[in-house]
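Note sheet for the following structure.
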Amino acid sequence: MTDEASKAPATAAEPAREAGRMERIVNLAKRRGLVFQSSEIYGGLSSCWDYGPVGVELKRNVKDAWWREMVWSRGDIVGLDCSILMHPRVWEASGHIAGFSDPLVDCKKCKMRFRADHLAEANGGVMPVRHPGDCNGELTEARQFNLMFKTFMGPVEEDANVVFMRPETAQGMFVNFANVLDTARKKLPFGIAQAGKSFRNEITPGNFLFRTREFEQMEMEFFVKPGEDLKWYEYWKQERFEWYLRLGIKPENLRLREHASDELAHYAKGCADVEYKFPFGWSELEGIANRSDFDLKQHAEFSGKDLSYFDEESRERYVPYVIEPAAGADRATLAFLVDAYDEDEVEGELRSVLRLHPRLAPVKAAVFPLLRKGGHPEKAQEIYTRLRPHFPVQYDQAGSIGRRYRRQDEIGTPFGVTVDHQTIEDGTVTLRDRDKTSQERIHESDLLAELLRRIAGA
């Protein structure tokens, strides 16, 4: 684990090369059915994206890997799926109505909008008075812009019917703390996990899937006894950092950055970000925060309900502290996509390869008949049908075998199964590993077990 980026100086060509790499990844995502622009036939909707047939499987695998790690593999965490719409008082208690805002400035000349803090950061900490670049238009004074999407519940659009699209999933877990205690019979320390949609009216969304107005979060609130919070904070920082490594993120592209005291939220005792080195720079994948007892105390005050915990062993009552690992499913998907993207040259052609971890790969295996005759297609279809109930698998007989391999490489398929003349003779197939140069013969009766072993054991 490292707390800082590599000190190696960047070459002059590196920013352009990295920017070009990001463009090629976006083009690949469109070409191979990973991600499409939302409402594309109408000109698209800014910062909104649709996951295609391949992309939806990748994102689902990321979320499933998180859920398996955080809920299924543990006995101290349970899951929830809370409503997107919540009582407006929830957001008063959480502080979102009063304080969930960013400083907004407008260019009086070109009418573009910016976050004032981002402009100041890019200008050496000093807020510019004019739009940087060719425009040079005068900027307005900064004003606070609330990021929550507002809507109305019921047939009448009036203040009494105002509700908000949730900007985070965390509050649903806090307001259900007592319900989980009563029904799941958990003792501290324990956690509540949730993965679901959130909505933020970002001033400056961008960088493909990284910052969007509609996104999915993977959050867990881990409730602990006051005084034990520091121990669990350190534990979850390590656990969440290593999760990305276990799923194939290169160590040199990952770091853990502890927040300085002036970066912390007013309620936080500590916070650290798992950051990834995207082509556009180091950016947050996941935050791990020690939220103290702020959230439960706030909701207890605003709701009038007792949200304390009675410890039967110590015979004392207290409000638990909370350690919160909060990750973005879309950001994580983008990080795995970027990190897996590789290029090489085959027969004079630039080949794109997604070296995704087998557990994340949208398609686990592809089945190919070497020829369109000699019983090859029939046997390949038989094997394809046999594998299909167990994991996502594709059948492809169009074009040369090399081009078929390359198509699968571009969507990250780790294994290829080729049916040839020898298959008809002795029942063996060629098993190709995407990331290895060697191929091996394996009997078709052993194929399913071998693929399951490799997927699970990778």
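The values are calculated or read from the model by the stated rules, or taken from the named source; none is laboratory data. Model, not experiment: these values are computed from the prediction. We place every Cβ from the backbone using ideal geometry, glycine too, and count neighbours over all the protein chains shown.
Of the numbered conditions (1) out of contact with any Phe, Trp or Tyr (no Cβ under 7 Å at 6 or more places or on another chain); (2) at pLDDT 90 or above, D76 fails exactly one; give the number of that condition.
Exception for D76: condition (1).
Any residue at all in the stretch 246-259 that is touching a Phe, Trp or Tyr at 6+ places or on another chain (Cβ under 8 Å), touching a residue at least 40 places away in the same chain (Cβ under 8 Å) and closer than 20 Å to W49 by Cα?
The answer is no, given that none of the residues of the stretch 246-259 is touching a Phe, Trp or Tyr at 6+ places or on another chain (Cβ under 8 Å), touching a residue at least 40 places away in the same chain (Cβ under 8 Å) and closer than 20 Å to W49 by Cα.
Restricting the stretch 347-373 to residues that are at pLDDT below 95 and closer than 12 Å to I401 by Cα, which is nearest to the chain's Cα centre (by Cα)?
L370
Does G374 qualify as being surrounded by fewer than 16 Cβ atoms within 10 Å (Cβ to Cβ) and of a type in the set (G, A, S)?
Answer is yes for this residue.
May I ask you to list the residues in the stretch 97-134 that are charged (D, E, K, R), assigned to a strand (DSSP E or B) and more than 19 Å from A265 (Cβ to Cβ)?
Taking the stretch 97-134 and keeping what is charged (D, E, K, R), we get 102, 106, 108-109, 111, 113, 115, 117, 121, 130, 134.
Imposing the further condition that a residue be assigned to a strand (DSSP E or B) reduces the set to 102, 106, 113, 115, 130.
Those that are charged (D, E, K, R), assigned to a strand (DSSP E or B) and more than 19 Å from A265 (Cβ to Cβ): D106, R113, R130.
Find the residue count for the stretch 271-291, including only residues that are part of a strand (DSSP E or B) and either more than 18 Å from W232 (Cα to Cα) or modelled with pLDDT under 95 (or both).
Here is the first cut: in the stretch 271-291, the ones part of a strand (DSSP E or B) are 271-278, 281-290.
Still in the list and also either more than 18 Å from W232 (Cα to Cα) or modelled with pLDDT under 95 (or both): 275-278, 281-285.
Count: 9.
Per-residue answers, yes or no, for (1) of a type in the set (F, W, Y); (2) not assigned by TED's automatic domain parsing to the domain that holds T183:
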{"site": "W66", "(1), (2)": "yes, no"}
{"site": "K108", "(1), (2)": "no, yes"}
{"site": "M112", "(1), (2)": "no, yes"}
{"site": "R115", "(1), (2)": "no, yes"}
{"site": "F149", "(1), (2)": "yes, yes"}
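List the number of the failed condition for W243; all other conditions in (1) over 20 Å from D293 (Cβ atoms); (2) out of contact with any Leu (no Cβ under 6 Å at 6 or more places or on another chain); (3) part of a loop (DSSP other than H, G, I, E, B) hold.
(3) is the only condition that W243 fails.
Could you tell me whether any residue of the stretch 164-185 is at pLDDT 85 or above, surrounded by 15 or more Cβ atoms within 10 Å (Cβ to Cβ) and in a strand (DSSP E or B)?
From the stretch 164-185, those at pLDDT 85 or above are 164-185; that's our starting set.
With the extra rule that they be surrounded by 15 or more Cβ atoms within 10 Å (Cβ to Cβ), the set shrinks to 164-178, 180-181.
Then drop every residue that is not in a strand (DSSP E or B), which leaves 164-165.
So far as the stretch 164-185 goes, yes, one or more of its residues are at pLDDT 85 or above, surrounded by 15 or more Cβ atoms within 10 Å (Cβ to Cβ) and in a strand (DSSP E or B).
Please find, within the stretch 59-85, the residue that is nearest to A178 (Cα to Cα) out of those that are in contact with a strand residue (DSSP E or B) (Cβ under 8 Å, 6 or more places away or on another chain), in a helix (DSSP H, G or I) and of a type in the set (A, V, I, L, M, F, W, C).
The extreme case among them is V71.
With respect to G412, is the statement that it is in contact (Cβ under 8 Å) with a residue 40 or more places away in the chain and in contact with a helix residue (DSSP H, G or I) (Cβ under 9 Å, 6 or more places away or on another chain) true?
So G412 fits the description; yes.
For G196, all conditions in the list (1) closer than 26 Å to S292 by Cα; (2) at pLDDT below 95; (3) not in a loop (DSSP other than H, G, I, E, B) hold save one; what is the number of the exception?
Evaluating G196 over (1) closer than 26 Å to S292 by Cα; (2) at pLDDT below 95; (3) not in a loop (DSSP other than H, G, I, E, B) leaves (2) as the failure.
For the stretch 377-409, give me each residue that is charged (D, E, K, R) and either buried (at least 18 other Cβ atoms within 10 Å of the Cβ) or farther than 23 Å from T333 by Cα (or both).
E378, K379, E382, R386, R388, D396, R403, R404, D409, listed by residue number.
Which of the residues belonging to the stretch 229-279 are farther than 21 Å from M218 by Cβ, surrounded by 15 or more Cβ atoms within 10 Å (Cβ to Cβ) and out of contact with any strand residue (DSSP E or B) (no Cβ under 8 Å at 6 or more places or on another chain)?
Y267, P279
Kindly establish whether T385 is modelled with pLDDT of 95 or more, closer than 10 Å to L370 by Cα and polar (S, T, N, Q).
No; evaluated as a whole, the condition is false for this residue.
Residue-by-condition table, conditions (1) surrounded by 15 or more Cβ atoms within 10 Å (Cβ to Cβ); (2) touching a residue at least 24 places away in the same chain (Cβ under 8 Å):
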site	(1), (2)
E301	no, yes
K305	no, yes
F310	no, no
A335	yes, yes
